[in-house]
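One structure below.
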């Protein structure tokens, strides 16, 4: 598996199987905020995401947002809404914020999963930190200009990848 490869590809956070995460031995799930948990064109997480967080907590998983977003108040507000701590200004793909979240939760990399919507930030940071990865499709087509450029560069990396929950055809 290369640095740009995720362990799993799932169409959306709501379709990530919490029991599978527990089966992997996960104790901590790190989640990107923008377009993974909260659509980029919204301020609050959709009901399905809030329900997923509740299910994950009920399964005994610790949760933490790890976001590159520089608007710390928005990231922390999302953390409060979803009932978990948050780290803003993560500077992914650098793995430093992932390591910080591991230390804050007292969980080793092999018991951690990071779920995000971008290969060159979320997946790379997780792989550099030694944690498992799940890549989901972005919730919204709205993105920052530089994220739109990264999404174009992602296309060849994701060519032929099938996302669970999306049907038989790659997108």
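Odds and ends about this structure:
- Looking only at the stretch 116-128, and only at residues there that are buried (at least 22 other Cβ atoms within 10 Å of the Cβ) and touching a helix residue (DSSP H, G or I) at 6+ places or on another chain (Cβ under 6 Å), the one that is farthest from residue 2 (Cα to Cα): 116
- Within the stretch 67-83, considering residues that are in contact with a helix residue (DSSP H, G or I) (Cβ under 7 Å, 6 or more places away or on another chain) and either free of Cβ contacts under 8 Å to residues at least 40 places away in the same chain or over 15 Å from residue 35 (Cα atoms) (or both), the one surrounded by the most Cβ atoms within 10 Å (Cβ to Cβ): 67
- Restricting the stretch 110-130 to residues that are on the phi < 0 side of the Ramachandran plot and in a loop (DSSP other than H, G, I, E, B), the residue that is modelled with the lowest pLDDT: 118
- Yes/no for residue 54 being touching a strand residue (DSSP E or B) at 6+ places or on another chain (Cβ under 6 Å), in a helix (DSSP H, G or I) and at negative phi: no
- Number of positions in the stretch 92-109 that are in contact with a strand residue (DSSP E or B) (Cβ under 8 Å, 6 or more places away or on another chain) and outside any loop (DSSP other than H, G, I, E, B): 7
- Some residue of the stretch 19-27 being in a helix (DSSP H, G or I) and either surrounded by 15 or more Cβ atoms within 10 Å (Cβ to Cβ) or touching a strand residue (DSSP E or B) at 6+ places or on another chain (Cβ under 6 Å) (or both): yes
- Residues (at pLDDT below 95 and either within 20 Å of residue 18 (Cβ to Cβ) or surrounded by fewer than 16 Cβ atoms within 10 Å (Cβ to Cβ) (or both)) located in the stretch 90-109: 91
- Meets criteria (in contact (Cβ under 8 Å) with a residue 60 or more places away in the chain, more than 15 Å from the chain's Cα centre (by Cα) and surrounded by fewer than 18 Cβ atoms within 10 Å (Cβ to Cβ)) for residue 42: yes
- Any hit, the stretch 71-87, residues being closer than 27 Å to residue 158 by Cβ and part of a loop (DSSP other than H, G, I, E, B): no
- Which numbered condition residue 41 misses (of (1) farther than 17 Å from residue 122 by Cβ; (2) at pLDDT below 95; (3) part of a helix (DSSP H, G or I)): (3)
- Residue check, residue 64 in a loop (DSSP other than H, G, I, E, B) and either at positive phi or buried (at least 19 other Cβ atoms within 10 Å of the Cβ) (or both): no
The values are calculated or read from the model by the stated rules, or taken from the named source; none is laboratory data. All values derive from a computational prediction rather than experimental measurement. Note that we place each Cβ from the backbone using ideal geometry, even for glycine, and neighbour counts take in every protein chain shown.
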